[in-house]
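Below you'll find the structure, written out as structure tokens, and then a few comments.
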Amino acid sequence: MSVPAFVRLSSLAALPPALRGAYVAIGNFDGMHRGHQTIIAALRERAQAAGVPALLLTFEPHPRDVFAPTPFMFRLTEGDAKARLAQALGLDGVIILPFDRPFSQVEAEDFVANILVRDLGVRGVIVGSDFHFGRQRRGTPTFLRGEGERLGFAVETLDLMDEGEEVISSSRIRAALSEGAVTAANRLLGYHWFFEGCVVQGDQRGRDLGYPTANTMTPGSFQLAQGVYAVRARLGDRLLDGVAAYGKPMFDNQRPPFETHLFDFDEDIYGQTLAVCLVGHIRGQEVFKGLDELISAMDRDSRKARAMIADCEALGELDEKLGFFAGHPYRASS
């Protein structure tokens, strides 16, 4: 039975028969950073050796948001981004199960028996050493290993990856981005961090200043450091370079959008999805005395952004597969 092309599922009932008996990595995988990528590399290797598919089993929304009064997690990768990364990393599919309070009360034994064995028929499972599941987080890697021995599937636990004196973690990357440390965050991720949003109409004051922007709204949990960034954007199949500002601008907005000025581009793209990756942090937010000073700063920011982008290279094959760095190294238009 042939394995279908990459599939994204939100229900186990829709699992194609060819994907039963797979090796499966389980976890939240927010960010799909280099630590996660070691798990995925091991998953591909085990699946290939066994001649079975390789699947990612993950959950949305993040469990922490389910138990909070309002969503508060600064998410590195929502479901769409996780699926794109899973495909770029060579997996056969991703299953993104809805996570809610009733799901959190599933006993660890039932999670294994019903989801892993009955619905997926797993050949093997790979998890990180910090993985927990089931009601009251009773499911530990040790528990899972015992269940695998009892029910006939392999279980492998991988330790967290170190970088410097700390492990690579989603929280560490969130902290870096919240401080504007884009280079450090991208190094830990192993690719340039990106996010997507629908382009909405703003007050169009940027156009009056000679810097029209594509504005994408951000969630309330978005904690990127306010300031100015060099960016590369993907609009459909097109790659565009630009300079972006995030935060409360000179003109009052109740909720700050992410405002991207795309170089050498002047099209109406309202309602379209723009994916933006961060190349570098240019400066923090500043207050200007008037429009002339603001425009001068925007001119400087644009020159710096072009220079950063011109010197930037893909961090690896994953960057290229994600579609932001089609040529390695690439050079932006002058």
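The values are calculated or read from the model by the stated rules, or taken from the named source; none is laboratory data. In this text the structure is predicted, and so the values were computed from the model without any measurement. Virtual Cβ from ideal backbone geometry, glycine too; neighbours counted across all protein chains shown.
Structure above, values below:
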| quantity | calculated |
| --- | --- |
| Given (1) buried (at least 16 other Cβ atoms within 10 Å of the Cβ); (2) within 13 Å of the chain's Cα centre (by Cα), number of the condition residue 112 does not satisfy | (2) |
| Within the range 1-85, strands (runs of 3 or more DSSP E) holding 2 or more residues that are touching a Lys or Arg at 6+ places or on another chain (Cβ under 9 Å) and among the hydrophobic types (A, V, I, L, M, F, W, C) | 54-60 |
| Residues located in the range 250-268, provided they are surrounded by fewer than 19 Cβ atoms within 10 Å (Cβ to Cβ) and either at pLDDT below 90 or acidic (Asp, Glu) (or both) | 250, 251, 252, 253, 254, 255, 256, 264, 266, 267, 268 |
| Some residue of the range 102-115 being modelled with pLDDT of 95 or more, farther than 30 Å from residue 317 by Cβ and in contact with a Ser or Thr (Cβ under 9 Å, 6 or more places away or on another chain) | yes |
| Near pairs, Cβ below 6 angstrom, 6+ apart or cross-chain, from the range 26-43 (farther than 20 Å from residue 63 by Cα) to any residue that is part of a strand (DSSP E or B) and hydrophobic (A, V, I, L, M, F, W, C) | 39/25; 39/126; 39/158; 42/126; 43/25; 43/54; 43/126 |
| Pick from the range 33-69, criterion in contact with a strand residue (DSSP E or B) (Cβ under 9 Å, 6 or more places away or on another chain) and within 21 Å of residue 175 (Cα to Cα), ranking: surrounded by the most Cβ atoms within 10 Å (Cβ to Cβ) | 36 |
| Subset of the range 79-104 (residues that are free of Cβ contacts under 8 Å to residues at least 40 places away in the same chain and either among the polar types (S, T, N, Q) or within 23 Å of residue 174 (Cα to Cα) (or both)) | 79 |
| Top-ranked residue of the range 115-157 - restricted to ones that are without any contact (Cβ under 8 Å) to a residue 40 or more places away in the chain and in a loop (DSSP other than H, G, I, E, B), ranked as surrounded by the most Cβ atoms within 10 Å (Cβ to Cβ) | 153 |
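Residue-wise test of (1) in contact with a His (Cβ under 6 Å, 6 or more places away or on another chain); (2) under 21 Å from residue 231 (Cβ atoms); (3) modelled with pLDDT of 90 or more.
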position	(1), (2), (3)
149	no, no, yes
152	no, no, yes
159	no, no, no
172	no, no, yes
183	no, yes, yes
193	no, yes, yes
